[in-house]
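What follows is a set of notes on a single structure, which appears directly below.
The values are calculated or read from the model by the stated rules, or taken from the named source; none is laboratory data. Everything numeric in this text was worked out from a predicted model, so none of it was measured. Here Cβ is always computed from backbone atoms with ideal geometry, including for glycine, and neighbour counts include all displayed protein chains. Only protein heavy atoms, including side chains, enter the accessible area calculation; ligands, DNA and RNA are left aside. Shrake-Rupley method; radii C 1.70, N 1.55, O 1.52, S 1.80 Å.
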Amino acid sequence: MAFVINFESLLQKCNSLIQIKQFQAHLITTGKFQFHHSRTHLIELCALSPAAGYLSFAAHIFRQVRAPKTNDWNAILRGLAQSPNPTNAITWFRTIVRSPQKIDALTCSFALKACARALALSEGTQIHSQILRFGFDPDVLLVTTLLDVYAKSGDLDAAKKVFDEMSRRDIASWNVMISGLAQGSWPNEAMDLFNRMKEEGWKPDEVTVLGALSACSQLGAVRQGEIVHRYIVDEKLDRNEIVCNAIIDMYGKCGFVDKAYLVFNKMSCKKTLITWNTMIMAFAMSGDGYKALDLLDQMVLDGMVPDDVSYLSALCACNHAGLVEEGVRLFDSMIESGVKPNVKHYGTVVDLLGRAGRLREAYDIINSMPMMPDVVFWQTLLGASKTYGNVEMAEIASKKLAEMGSNTSGDFVLLSNVYAAKQRWHDVGRVRETMKNNDVRKVPGFSYTEIDGRIHKFVNADQSHANSKEIYAKLDEIRFKIKAYGYAAETNLVLHDIGDEDKENVLNYHSEKLAVAYSLISTSDGTPIHVIKNLRICVDCHSVLKIISKIYHREIIVRDRARFHRFKEGECSCRDYW
């Protein structure tokens with residue numbers, strides 16, 4: 001009786017390139033290489049291996065096939081799509097399309113995965129047309145991969161259109177769309193879709209809630225975040241440490257560091273390095289510098305080895321709390337422990353020294369660090385120079401920024417403010433003229449606040465809100481009351497060539513003031529007010545919000561671009577250090 005060889009079983013036992021070559025040789029010598037399906041599995045095994053040399057050997061095997069089938073082409077395509085250079089998969093896909101071989105849904109799926117990794121929107125759009133042409137669009141998995149391409153490439157309008165036109169969806173389709181919206185700065189739409197998903201009877205899983213928590217973090221929507229948190233607990237999804245990390249991050253970014261710490265302490269799953277780092281950063285953003293440093297020490301006692309992110313989070317905590325000496329010591333101890341500082345560590349120390357007025361030390365670090373400083377370093381030094389009125393250092397930083405091609409409005413505004421503080425009006429005019437000639441425009445400021453689960457967005461001097469009349473009436477009331485507490489508008493912050501009264505009006509209608517005014521008329525006495533702002537809060541708004549918190553006995557929590565400010569009874573948690 002003839003002995004029958006089980007090629008599939010034999011192939012599975014191949015665990016080295018030498019054995020794979022021997023297996024291929026056996027297929028060739030037995031005359032089965034050109035016809036047996038094990039050949040395709042052999043190509044796929046090599047193409048999908050992360051080990052060096054396997055993918056190139058898969059291509060070598062493929063070239064020996066006289067009439068490759070679609071599965072052979074797909075095996076190479078799949079390997080290229082997950083390789084370090086996914087653009088090679090897109091090139092391979094074009095080769096398949098030009099060949100006599102007919103593509104299938106898997107061909108398009110692997111090519112789309114490459115497009116998602118390479119952020120190749122144009123190529124993804126072309127493959128979309130191929131999907132429609134060959135009638136593959138009923139394939140839910142394939143269309144979900146297409147959604148991923150559009151979402152990751154930033155074309156959320158196209159992603160939304162594809163999603164809405166899907167005749168059938170699965171949980172992955174919802175997850176890709178919600179995550180894409182959240183990561184693509186459409187957090188409102190992400191939360192709307194999350195709520196719609198539940199209304200349509202779908203059960204969110206770990207991936208879904210991660211997208212929803214990310215959206216809540218961006219919006220500072222703690223009420224919606226709490227709803228997601230309750231769902232996570234009810235469905236026992238909090239046994240996943242990645243989900244717990246996201247909850248901590250959400251509460252931290254919404255300004256509820258105590259709730260973040262409660263989740264941290266009550267975690268039933270294992271605390272990972274990311275868990276510790278997330279909690280340290282939550283303390284950092286809230287200005288709790290000593291708590292962040294204590295947690296770093298506790299982390300070491302619990303057997304965790306801090307990494308570069310741990311030290312960066314702790315350095316940020318020192319920066320936001322004004323713990324200059326502690327920050328400098330921490331930076332030195334990080335180097336002694338063998339953690340190599342990167343550009344972010346140096347940037348944080350420069351910011352720390354600059355905010356403390358130690359401009360020369362900050363300047364020396366910029367010039368002595370082992371990597372080339374980027375524009376952020378010189379912008380940091382320029383900002384510190386403005387705070388301390390150091391014209392010489394401001395001009396040095398401004399010159400460096402000009403040499404590096406920086407053309408952002410903030411650079412010009414800071415330099416102009418330095419000159420204005422010294423009453424050097426000719427230089428102020430020169431800066432304004434440069435801004436005009438370079439067509440430099442200020443980034444528009446906007447603020448969010450959450451009332452009864454709804455997000456309200458305001459821009460400077462916004463009159464589009466349905467309650468605009470009541471908001472402006474409240475602002476007039478506020479302006480009248482705060483003057484009794486000695487408030488004087490910081491009109492030097494307004495660079496427009498207009499009168500002081502008009503400058504006061506410009507300052508009075510900043511987006512965060514509109515958001516706070518709306519919160520005052522929309523919530524009951526004693527309710528904390530939460531505001532998210534896209535830019536750093538200005539000096540005038542900071543002064544006004546301190547007084548508002550005292551007059552109206554409200555706690556006001558503002559998350560700006562850099563940190564949290566918690567205003568209470570006329571004081572701010574940053575201690576005027578930001």
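Some values worked out for this structure:
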{"quantity": "Alpha-carbon centroid distance for the pair region 78-152 / region 216-232, whole angstrom", "calculated": "35"}
{"quantity": "Distance in nm between pseudo-label sites at Gln423 and Tyr485 (7 Å out along the Cβ direction from Cα)", "calculated": "3.1"}
{"quantity": "Burial ranking of peptide ranges 44-54, 461-471 (average Cβ count within 10 Å, highest at the top)", "calculated": "44-54, 461-471"}
{"quantity": "Anisotropy class of region 307-351 from Cα gyration tensor, a/c 1.5 cut", "calculated": "prolate"}
{"quantity": "Links that overshoot a 21 Å alpha carbon limit, given the list Lys113/Lys161; Lys457/Lys533; Lys436/Lys533; Lys113/Lys198", "calculated": "Lys436/Lys533; Lys113/Lys198"}
{"quantity": "Heavy-atom accessible surface of the chain: percent carbon and sulfur, 1.4 Å", "calculated": "53"}
{"quantity": "Using a Förster distance of 41 Å, the FRET efficiency for His60-Val140 (Cβ separation, nearest 0.05)", "calculated": "0.70"}
{"quantity": "Lys236-Glu336 pseudo-label distance in nm [points 7 Å out on the Cα-to-Cβ vector]", "calculated": "4.8"}
{"quantity": "Per residue solvent-accessible surface (Å²) - the chain, probe of 1.4 Å", "calculated": "49"}
{"quantity": "Isotropic mean projected area of the C-alpha convex hull, the chain (nm²)", "calculated": "34.3"}
{"quantity": "Helical contribution to [θ] at 222 nm, DSSP H n ≥ 4, -39,500 (n - 2.57), averaged over the chain, rounded to 500", "calculated": "-20000 deg cm²/dmol"}
{"quantity": "Sites Thr95 and Arg329 - FRET efficiency at Förster radius 51 Å, r taken between beta-carbons, to 0.05", "calculated": "0.30"}
{"quantity": "Calculated Rg and Dmax of region 420-481 using C-alpha coordinates, Å", "calculated": "18.0, 50"}
{"quantity": "For peptides 193-199, 555-561, sequence by mean Cβ density within 10 Å, most packed first", "calculated": "555-561, 193-199"}
{"quantity": "Cross-link table Lys253/Lys513; Lys259/Lys344; Lys291/Lys568, entries beyond 25 Å C-alpha to C-alpha", "calculated": "Lys259/Lys344"}
{"quantity": "Spin-label pair Ser268/Arg360, simplified geometry with 7 Å Cα→Cβ offset, distance in nm", "calculated": "6.0"}
{"quantity": "Packing-based ranking, highest mean first, of 292-303, 338-349 given that Cβ atoms within 10 Å are counted", "calculated": "338-349, 292-303"}
